[in-house]
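**Q** The structure is given below, and queries will be raised subsequently.
Nothing in this text is a laboratory measurement; each read-out follows from the coordinates by a stated rule. Here the structure is a predicted model, which means the values were calculated and not measured. Please note: Cβ atoms are built from the backbone with ideal geometry, for glycine as well, and neighbour counts cover all protein chains shown.
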Amino acid sequence: MKILQLTKKFPFPLKDGESIAVTNLSKSLVTHGCEITLLSMNTSKHFVDVDALPDSYNHYESIHTVYLDNRVTVTGALYNLFSSASYHVSRFDFRAYREALIQLLNDNSFDIIQLETLYLAPYIETIKKYSDAKVVMRSHNVEFEIWNRVVESTSIIPKKWYLQYLTQKLKKFEIERLSHYDALVTVTQRDLDAYENLGYKKGGMASPIGININRYTPQISNSSYPSLSFIGSLDWMPNLDGLDWFLKFVYPEIVRNYPNTKFHVAGRNTPQSIRDMQSDHVLIHGEVDDAIDFINDHPIMIVPLLSGSGMRVKILEGMALGKVVISTAIGAEGIPAIHQESILIANSAAEFLDCIKWLMDHPDRINRIGEHARIYISENFDQERNAKKLVDFYNELLEA
């Protein structure tokens, strides 16, 4: 089976959920006999020197990139106010990328063209013009739902109005494109159900993000007192808003009850507003060299997401490393682990504090929850099993 994979950013280094989700699946598809060609945008924001990729990054049949400057600009945002197009999506609609796509479709014959996220949907018309391949949307999130939740948590009226306007256009685009796919693959059953409720009627399956549990070796923290951690890209608004809320309204109460607590924060593109919160109790690391080492250093992982959709890869990684993850229900969507068995769920400041007390007053629970978490991930999110199911789904799609 020959697959052309389209991505809106180059899926390396493996420091964010999208890159891990794309890379893990493509590697596993190759082990099941697929040949995968990558056509990726190489953006100004996440530029990667493809010539410097490690030798181990060798699972693609061929790699093709197109440099794009898709930075958010005031001019672009203002111009979009007078356009019916979604500003979220139009930032990824470029002639150079379309021309590279046409060249690949003219030179090759593919069975499946897999679009990684909604932002590749503008190219479907081009694909259908130049190829007979099945077009599969791999949706990492219900995109407009993320922004609906951001709007709900925004209190500044002008910003709220503008975000609501953008979200309405994004929702319209997302729903209209549902009829354009030959198949839809989501990372959670909840997201697939949501799309079907919005009118999607063709074939679909939920294929959770998988990880290789053997890559994750739990280590006992050297800290004499259980430390907390957060890690996530801080140029993604839901991460930033959730962390800001936790630092302002949750963590001070935790420190009052447990004065020796340390909270370690890591994330790409950490803004100055977060760096300014550095203190004896809050340690801001910025972007770290190795996310696994960082997570391993702290027995408790905090995921305070108030908005978002899809599945959080960092939760999978934390659980695979035997850490106690304390997450909101939104953060843990798609990971139906049992509260107080292999994960802790908290949806308010009081509930976060209750979870911390539940652990700090009974430290043996930290190891127990962590052990159960690792077993849970091994049994439910193995990337090879997930990829095999997806290959079977693709074979049925091609035979239909």
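**Q** Using the alpha-carbon atoms, what tilt in degrees (0 to 90, nearest 10) does helix 157-176 show relative to the longest principal axis of the chain?
**A** 40
**Q** Further, regarding this structure: Cross-link candidates for Lys357: which aspartates and glutamates have Cα within less than 19 Å, leaving aside residues fewer than 8 places away along the same chain?
**A** Glu253, Glu341
**Q** Pull up the cross-link candidates among the lysines for Lys389, meaning alpha carbon to alpha carbon under 16 Å and not fewer than 8 places away within one chain.
**A** Partners within reach: Lys27.
**Q** Which value in deg cm²/dmol, rounded to the nearest 500, describes the helix-derived mean residue ellipticity at 222 nm for the chain, given -39,500 (n - 2.57) per DSSP H run of n ≥ 4 and division by the residue count?
**A** Only helices count here, giving -12000 deg cm²/dmol.
**Q** Full-extension gain between Glu253 and Gln103, please, as 0.36 nm times their residue separation minus the C-alpha to C-alpha distance.
**A** On the way: separation 150, 0.36 × 150 = 54.00 nm, distance 5.80 nm.
Value of the extension gain: 48.2 nm.
**Q** Return the sequence-ordered ³J(HN,Hα) values of segment 48-57 in whole Hz as given by the Karplus equation 6.51 cos²θ - 1.76 cosθ + 1.60 applied to θ = phi - 60°, using x for Gly and Pro.
**A** So the Karplus estimates, Gly and Pro as x, are 10, 7, 5, 5, 9, 4, x, 4, 6, 8 Hz.
**Q** With a point put 7 Å past each Cα toward its Cβ, work out how far Asn347 is from Ile375 in nm, to one decimal.
**A** 2.8
**Q** Counting other C-beta atoms within 10 Å, and keeping those with at most 15, which DSSP coil trypsin sites (Lys or Arg not before Pro) do you find in segment 1-87?
**A** Passing both the DSSP loop test and the Cβ count: Lys45, Arg71.
**Q** Follow-up question, since we're still on this one. Under a crude label model (7 Å from the Cα following the beta-carbon direction), how far is Val72 from Asn260 in nanometres?
**A** For Val72 paired with Asn260, the spin-label model returns 4.2 nm.
**Q** Hey, another quick one. What angle do you read, to the nearest 10 degrees and between 0 and 90, between the alpha-carbon axis of helix 383-399 and the longest principal axis of the chain?
**A** 20
**Q** Once amide H atoms are placed 1.01 Å from N in the peptide plane, what residues at a sequence separation of 5 or more from Leu68, or on another chain, have their amide H within under 5 Å of its amide H?
**A** Asn42, Thr43, Ser44
**Q** If the limit is 31 Å between Cα atoms, which of Lys8/Lys248; Lys201/Lys388; Lys9/Lys159 go over it?
**A** Violating the 31 Å Cα-Cα cut-off are Lys8/Lys248.
**Q** In terms of modelled amide H atoms, which long-range or inter-chain residues lie less than 5 Å from the amide H of Gly204?
**A** Leu184
**Q** Could you give the spread of the C-alpha atoms of the chain along their three principal axes, from largest to smallest, in whole angstroms?
**A** Computed over the Cα atoms, the extents are 64, 48, 43 Å.
**Q** Follow-up question, since we're still on this one. Students often forget the sequence filter, so: which aspartates and glutamates lie under 14 Å Cα-Cα from Lys15 once same-chain residues fewer than 8 apart are removed?
**A** Asp235, Glu287, Asp289, Asp290, Asp293, Glu317
**Q** Moving on. Quick check on the exposure proxy: order Ser109, Ser56, Ser28 from fewest to most C-beta atoms within 10 angstrom. Don't skip to the end; give the middle numbers.
**A** Details: Ser109 9, Ser56 6, Ser28 22.
Going from least to most buried by this count: Ser56, Ser109, Ser28.
**Q** Kindly write out, for segment 230-240 in residue order, the coupling ³J(HN,Hα) from the Karplus curve 6.51 cos²θ - 1.76 cosθ + 1.60 (θ = phi - 60°), rounded to whole Hz, with x marking Gly and Pro.
**A** For segment 230-240, the Karplus curve yields 9, 9, x, 5, 9, 9, 9, 3, x, 4, 5 Hz.
**Q** Please report, in whole Å³, the volume per residue of the convex hull around the C-alpha atoms of segment 214-380. Don't jump to the answer; show the numbers that get you there.
**A** Values: hull volume 17.1 nm³, N = 167.
Taking the convex hull of the Cα positions in segment 214-380, it is 102 Å³ per residue.
**Q** Kindly give the semi-axes, whole Å and largest first, of the ellipsoid equivalent to segment 104-219, taking each as the square root of 5 times a Cα gyration tensor eigenvalue.
**A** Over the Cα atoms of segment 104-219, the semi-axes work out to 28, 23, 14 Å.
**Q** Rounded to the nearest 0.05, what FRET efficiency do His32 and Glu287 have when you use their Cβ-Cβ distance and R0 = 25 Å?
**A** Result of the calculation: an efficiency of 0.15.
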